[in-house]
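Visitor: Please find one structure pasted underneath; my questions will follow.
The values are calculated or read from the model by the stated rules, or taken from the named source; none is laboratory data. Computed from a prediction, not measured in an experiment: that's the story for all the values here. Cβ: placed from backbone, ideal geometry, glycine included. Neighbour counts: every protein chain shown.
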Amino acid sequence: MSKIKISDRIKINDQEDYFIVENDFSDDGLEEDTKAKRLANSLMKLRIRAFRKPAKTSTIVLVENDEYVGHISANLYEDNVASLTMSGVRGIQLPDKLGKFIDVIKKHDVALFVDEAHRNQGKAKQMLMLMFKYLVSQGINDLEVYGIASEEAYQTYIHTGAEAVDVEKVVYRNIKKFIKNERIDDIEK
């Protein structure tokens, strides 16, 4: 069982705003997670987060003049770590309140997506900064990105300060230091 909460729209400026969809999961399946951890050997310890159940999945949807710009989705875990896992949106029950945005979000079932009309304008970095602020408000220290499918995406993460782990994984350590964008208001819990 999970609880879904959606924020009111949060203004960034006269044209842009965003909202946050939080999907809090219950304790169902904890026994399964414990078994998975026990089976993991030392080589798999780095990848276990990709297989275990998050405590919460949160998606930030960026809107400009009431049109979809993009979204970013993260899994939050109990150990103050979050991950942007590709296909991150698939497990989220999006509320009907999102109306016309549901179809476009489900169509682009990735953790970070910018609509074609808004690319090369710094929107991916803007959404990362929004996610960093949100994660800090949730007590998260590190953000891991798994399953990076394209060189363009990989370069976006590296350009915004992520540490390369391998060709499909990067990590933002101590995400507080990445919050630099003054025009984005603090996210209230």
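Visitor: Could you please find all residues in the stretch 126-145 being of a type outside the set (A, V, I, L, M, F, W, C) and surrounded by 21 or more Cβ atoms within 10 Å (Cβ to Cβ)?
Guide: Gln126, Tyr134, Glu144 - these are the residues of the stretch 126-145 that are of a type outside the set (A, V, I, L, M, F, W, C) and surrounded by 21 or more Cβ atoms within 10 Å (Cβ to Cβ).
Visitor: The conditions are (1) in contact (Cβ under 8 Å) with a residue 40 or more places away in the chain; (2) part of a loop (DSSP other than H, G, I, E, B); (3) of a type in the set (S, T, N, Q), and Gln121 fails exactly one of them. Which is it?
Guide: (1)
Visitor: Still on this structure: Report the residue count in the stretch 129-173 for those that are in contact with a strand residue (DSSP E or B) (Cβ under 8 Å, 6 or more places away or on another chain), among the acidic types (Asp, Glu) and without any contact (Cβ under 8 Å) to a residue 24 or more places away in the chain.
Guide: Residues flagged as in contact with a strand residue (DSSP E or B) (Cβ under 8 Å, 6 or more places away or on another chain), among the acidic types (Asp, Glu) and without any contact (Cβ under 8 Å) to a residue 24 or more places away in the chain within the stretch 129-173 amount to 2.
Visitor: In addition: Just give me the residues in the stretch 41-79 being modelled with pLDDT of 80 or more, touching a strand residue (DSSP E or B) at 6+ places or on another chain (Cβ under 7 Å) and part of a loop (DSSP other than H, G, I, E, B), in sequence order.
Guide: Hits for the stretch 41-79 are Pro54, Ala55.
Visitor: Out of the stretch 101-125, which residues are among the basic types (Lys, Arg) and either crowded, with 22+ Cβ neighbours inside 10 Å or modelled with pLDDT under 85 (or both)?
Guide: Within the stretch 101-125, the subset among the basic types (Lys, Arg) is 106-107, 119, 123, 125.
Answer for the stretch 101-125, where residues must be among the basic types (Lys, Arg) and either crowded, with 22+ Cβ neighbours inside 10 Å or modelled with pLDDT under 85 (or both): Lys106, Lys107.
Visitor: Return the residue satisfying two criteria in turn: it lies in the stretch 150-174 and is of a type in the set (Ser, Thr, Tyr) and farther than 15 Å from Met127 by Cα, and of such residues it is surrounded by the most Cβ atoms within 10 Å (Cβ to Cβ).
Guide: It comes out as Tyr154.
Visitor: Considering only residues that are among the charged types (D, E, K, R) and at pLDDT 90 or above, look in the stretch 1-23 and name the one that is nearest to Thr57 (Cα to Cα).
Guide: Step by step, filter the stretch 1-23, then rank; the result is Asp17.
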